[in-house]
Amino acid sequence: MSNIAKTPINVLHMQDITMQFGGVVAVNGLTLDVNQGEIVALIGPNGAGKTTAFNCVTGIYEPTFGQVDFMGETILSNTPKGKMKKTYLGEVSPRPIPIISSTPDVITKKGIARTFQNIRLFGQLTVFDNVLIAKHMRAKQNVFSATLRLNRKEEERMRAETTALLEEQNLLHLKDEIATSLPYGLQRRLEIARALATEPKFLLLDEPAAGMNPQETQELTDFIKQIRDSYHLTVFMIEHHMDLVMQISDRIYVLDFGKLIAHGTPEDIQNNERVIEAYLGVSDDAED
Amino acid sequence: MKKNAVSKNKLYTLAALLVIIVLLAFLQANSAQYSYQISILERSAIYAVVAVSMNLLTGFTGLFSLGQAGFMAIGAYTVAILTIPVDSRASVYYVNGISPAIANLHCPYWLALIIAGILAAALAALIGIPVLRLKSDYLAIATLGFSEIIRAVIAAPQLDRITNGSYGLKSIPGFPNLFIAFGLPALCILLMVLLINSSYGRAFKALREDEVAAQAMGLNLFRYKELAFIISSFFTGVGGGLLAIFMRSIDSKTFSINLTYDILLIVVLGGIGSITGSVIGSFLVTAGREWLRFFDNPLVIGGFVVPLFRSGFRMVIFSILLMMVVLFYRRGIMGSNEFSWEGLGRLIRSIPSRIKRKSKAQKHPAGIPLCPESMDDSKKGDNA
C-alpha cells in the first residue's frame, strides 16, 4: 500500500456520470476516483447500477451526462441532448461540456481492459485464438500484408507473446481446447488472460468471483493481487463476495439505486449504517 | 514424428494437385468430346468462388447478406464491356448503338477481372455505410433490395447504350484454356483461405462470436464489418466476371435473386463456416442439377409411361433431396470443419464400423431405434 501513500496518480476520474434509460436512472451523478496501483471495489445490491457504470467507462454506453477521464485525458464527456438538457445541464453543471465519445475499441487501445459479468469469450474458438485476437489491435500489419503472409515476423511475435501469457496464467496446456468446453472457473481465468493480452494499464473486473466456491475465491484473491503487481495494473472491480472485497480492496465505493451512498476503506464500509441498510433493508422500507 | 506427418500431408497435397493437373490436361486435349462435363466443372468452380466469398461474410464474420447476385452482375457487366472485341461491338449493340464513352474501352481479361472486383468492392463500401448498421435478417433484406436495384438499373432503358438493356451482351471471349478457367477460381479461393487464416480472419471470427467482446479487444465494429463486406464483394465481383467469361453472353435476368439463392444453397449445404464445404457444395449442387436431367425425360418401361417424368420434374426431386439434407445434416456436409488428410483418413477408416452399425440397426427394425433417434434429433437442434 506504500505506492499510494504519496501524491497518487489519478487513473480514472468519473464526474457526475448519469445514465438514463427512458424513465429509469440507472446511474445517478456518480463521481469517483481510482488512483494508480490501487485495487478499488464497487459494491451494491443487485440492480444498483454497477455494471452500467462500468459500461459507461468502457464506451459500451454513452452516458446521458457526465465526464470520464483516464490518465488525465477526457475519454467521454456528454452534453445531455434534447429533453435531458433541462434536467441535467442547469442543475449539475452551469457550463456546456463538449461532447467527446469514444467507441469501446478506442478505449481499449488507450489501455483499459475489462471482463464481463456473463463471460463473453469467443466461444467456438480455441483458448489460444481467444488470447491471440487481443494482440491484433496493436499489430502494424494491413489486410494485404496479412493475407500475403508478408508479416511473418509480427505474426510470430504475436504468437510468442500469447504463448508466454498463457504460460504465466497456467493455461498453456489447454491452448487447443475450444473456449466454451472449459470449466467455468477456467473460463473466467481465460477472460482475464485475454484482457491482459490487450496490454492494459487499468483492468475492470465485473464480478470475477461469481459462481466460485470459497477456496476458488481465495485463490482469485491472491491472483488479482499477483497480476496487479506483475503487470503494474490498477484494478477496479465489481464484486459480491464480501470476503474477497474486504481482503484486497484499498478503497470501496457503494452504490444503491444508482447513487453513491458510501465511500471509504473496508473498515469504514463495514461499519457504515447506510451500507448495512442498503444490503439488509430497513423494516420501514420493507413494509412499503 | 509430427514433422513426418506434415511432410506426408504435403506429399499427398502435391499428388492431388498433380492428379488435377493431369486431369485438366486430359480434358484440354479432348475438350470437344467432353465439352458438357467441362462446362459443368467450370460453372462449379466459378460458383465455388462466389460461395466461398459469401461464406467469408456469413460463416466467418456473421453477417448475413443476400446481395451476391447484384455484385456478380456488376462484375459480369464490367468484364463483358471491357473484353468484347472492339470489332464485334457494332454487332452486339446493333439495336441501340454503343455509347462513345465505352466504344473503344478494351483491356485483357485478367485486368478486366481485377477492375470488376474493384468496382464491386467500391459499391459495397458505399452500400455498407448505411446497411452494415443493421443486424441479421434486416441486413439480409437490405442487401437483397440493393441487389435487385442493381439488376433493375442494369436493365434500365436509360443505360441501353452501355448495358444493351434486355438484349444482353454477347460475344465475350471465353477462357483461353482450361488451366486458366480453373486456375483463376483456385487463386481467388486460395487468397480467401489465406485471409481467413490470417490475423484479420481471426478478427472476423471474433466479431461473429461476440460483438461486444470483440470491441473490448480493440476491434472497431464498423471498420471490420465494412472490411469483410468489401473483400467479400470484391471476390463476388470477380466471380461474376468469371461467370461472364464462362457464359460468353449475359443479360440482366442471369443475375436475378435466384442466383443468390443458388449460392446460399451451396453455402448452407456445404456447411456455414467451412471453405471446403462451400467448394464441395458448389460441385455437388451444380453437377446434381445436371445428373437429375434424367427425370426430365419421359420414361417408358415396357410400354407403360411412368407418370411425373416430364420437363421440370428434376427440380422437384432436387428440392426433396435438399430438404432431406437439411433435415438430416443440419450443419451441412462439412459443418464448420475443414478438409485435412487426417480427417479423410479417419472417415475412410470409420466406414466399415458405420456399415456394421447400420446393419445392426436393421436387425432391430421397430421400437428400439426410435428413442435414440429422437434424442439425436434434439441434439442436432441444439447445435443449429
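The values are calculated or read from the model by the stated rules, or taken from the named source; none is laboratory data. Quick caveat: nothing in here was measured; it's all calculated off a predicted structure. Ideal geometry is used to build each Cβ from the backbone, glycine not excepted, and the neighbour counts take in all protein chains shown.
Results, tabulated for the structure shown:
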read-out	value
Cβ-Cβ under 8 Å pairs, at least 6 apart or on other chains, the stretch B:18-31 side under 17 Å from B:PRO176 (Cα atoms), far side surrounded by 12 or more Cβ atoms within 10 Å (Cβ to Cβ) and of a type in the set (Val, Ile, Thr)	B:LEU27/B:ILE38; B:SER31/B:ILE38
Selection from the stretch A:225-266 of residues that are out of contact with any helix residue (DSSP H, G or I) (no Cβ under 6 Å at 6 or more places or on another chain) and among the β-branched types (Val, Ile, Thr)	A:ILE227, A:THR234, A:VAL245, A:THR265
Filter result for A:ALA193 (within 29 Å of A:VAL11 (Cβ to Cβ), part of a helix (DSSP H, G or I) and not aromatic (Phe, Trp, Tyr))	yes
The stretch A:223-262, residues that are acidic (Asp, Glu), surrounded by fewer than 16 Cβ atoms within 10 Å (Cβ to Cβ) and more than 18 Å from the chain's Cα centre (by Cα)	A:ASP243
Filter pass, B:SER147 being among the hydroxyl-bearing types (Ser, Thr, Tyr), in contact (Cβ under 8 Å) with a residue 60 or more places away in the chain and outside any helix (DSSP H, G or I)	no
Any hit, the stretch A:232-255, residues being under 30 Å from A:GLN270 (Cβ atoms), outside the structural domain of A:ASN46 (by TED's automatic domain parsing), assigned to a helix (DSSP H, G or I) and not hydrophobic (A, V, I, L, M, F, W, C)	no
Of residues in the stretch B:106-152 being under 21 Å from the mean Cα position of the chain (by Cα) and among the charged types (D, E, K, R), the one nearest to B:THR163 (Cα to Cα)	B:ARG151
Neighbours by Cβ (under 9 Å, 6+ apart or cross-chain): first from the stretch A:209-228, farther than 12 Å from A:GLN247 by Cβ; second exposed (fewer than 11 other Cβ atoms within 10 Å of the Cβ)	A:ALA210/A:ASN118
Residue check, A:GLU191 buried (at least 20 other Cβ atoms within 10 Å of the Cβ), of a type in the set (Asp, Glu) and modelled with pLDDT of 90 or more	yes
Residue within the stretch A:76-86 that is under 30 Å from A:GLU161 (Cβ atoms), at pLDDT 90 or above and more than 10 Å from every other protein chain (Cβ to nearest Cβ) present	no
Candidate set: the stretch B:153-209, residues that are of a type in the set (A, V, I, L, M, F, W, C) and not in a helix (DSSP H, G or I); chosen: the one farthest from B:LEU111 (Cα to Cα)	B:ALA156
Any pair with Cβ under 7 angstrom, 6 or more apart, that starts in the stretch B:234-253 at a residue that is outside any helix (DSSP H, G or I) and at pLDDT below 95 and ends at one that is buried (at least 20 other Cβ atoms within 10 Å of the Cβ) and of a type in the set (Gly, Ala, Ser)	B:ILE250/B:ALA76; B:ILE250/B:ALA80; B:ILE250/B:ALA244
Test result for A:GLU167, surrounded by fewer than 21 Cβ atoms within 10 Å (Cβ to Cβ), more than 14 Å from every other protein chain (Cβ to nearest Cβ), over 23 Å from the mean Cα position of the chain (by Cα) and in a helix (DSSP H, G or I)	yes
From A:ILE60, A:ILE97, residue being at pLDDT below 85, assigned by TED's automatic domain parsing to the domain that holds A:GLU239 and assigned to a loop (DSSP other than H, G, I, E, B)	A:ILE97
Tally of residues being of a type in the set (S, T, N, Q), surrounded by 22 or more Cβ atoms within 10 Å (Cβ to Cβ) and at the interface with chain B (Cβ under 7 Å from one of its Cβ atoms) across the stretch A:106-124	1
Filter result (within 14 Å of B:PHE229 (Cα to Cα), without any contact (Cβ under 8 Å) to a residue 40 or more places away in the chain and either surrounded by fewer than 18 Cβ atoms within 10 Å (Cβ to Cβ) or not small (Gly, Ala, Ser) (or both)) within the stretch B:132-144	B:LEU134, B:LYS135
Pick from the stretch A:125-140, criterion at pLDDT below 90 and part of a loop (DSSP other than H, G, I, E, B), ranking: nearest to the other protein chains (Cβ to nearest Cβ)	A:ALA139
Residue match in the stretch B:74-85 (condition: without any contact (Cβ under 8 Å) to a residue 60 or more places away in the chain, buried (at least 20 other Cβ atoms within 10 Å of the Cβ) and part of a helix (DSSP H, G or I))	yes
Sole exception among (1) among the aromatic types (Phe, Trp, Tyr); (2) in contact with a Phe, Trp or Tyr (Cβ under 9 Å, 6 or more places away or on another chain); (3) more than 9 Å from chain A (Cβ to nearest Cβ) for B:PHE179, by number	(2)
B:ILE263 being assigned to a helix (DSSP H, G or I), aliphatic (A, V, I, L, M) and either touching a residue at least 12 places away in the same chain (Cβ under 8 Å) or within 23 Å of B:LYS205 (Cα to Cα) (or both)	yes
Per-region count, the stretch A:141-158, residues more than 10 Å from chain B (Cβ to nearest Cβ) and part of a helix (DSSP H, G or I)	4
Tally, over the stretch B:210-228, of residues that are at the interface with chain A (Cβ under 7 Å from one of its Cβ atoms) and touching a residue at least 12 places away in the same chain (Cβ under 8 Å)	2
Meets criteria (modelled with pLDDT of 90 or more, farther than 21 Å from B:GLY335 by Cα and more than 14 Å from every other protein chain (Cβ to nearest Cβ)) for B:ILE231	no
Residue match in the stretch B:290-305 (condition: part of a helix (DSSP H, G or I), surrounded by fewer than 24 Cβ atoms within 10 Å (Cβ to Cβ), touching a residue at least 60 places away in the same chain (Cβ under 8 Å) and not charged (D, E, K, R))	no
Residue that is nearest to A:MET158 (Cα to Cα), among those in the stretch A:187-219 that are more than 14 Å from chain B (Cβ to nearest Cβ) and in contact with a helix residue (DSSP H, G or I) (Cβ under 7 Å, 6 or more places away or on another chain)	A:PRO208
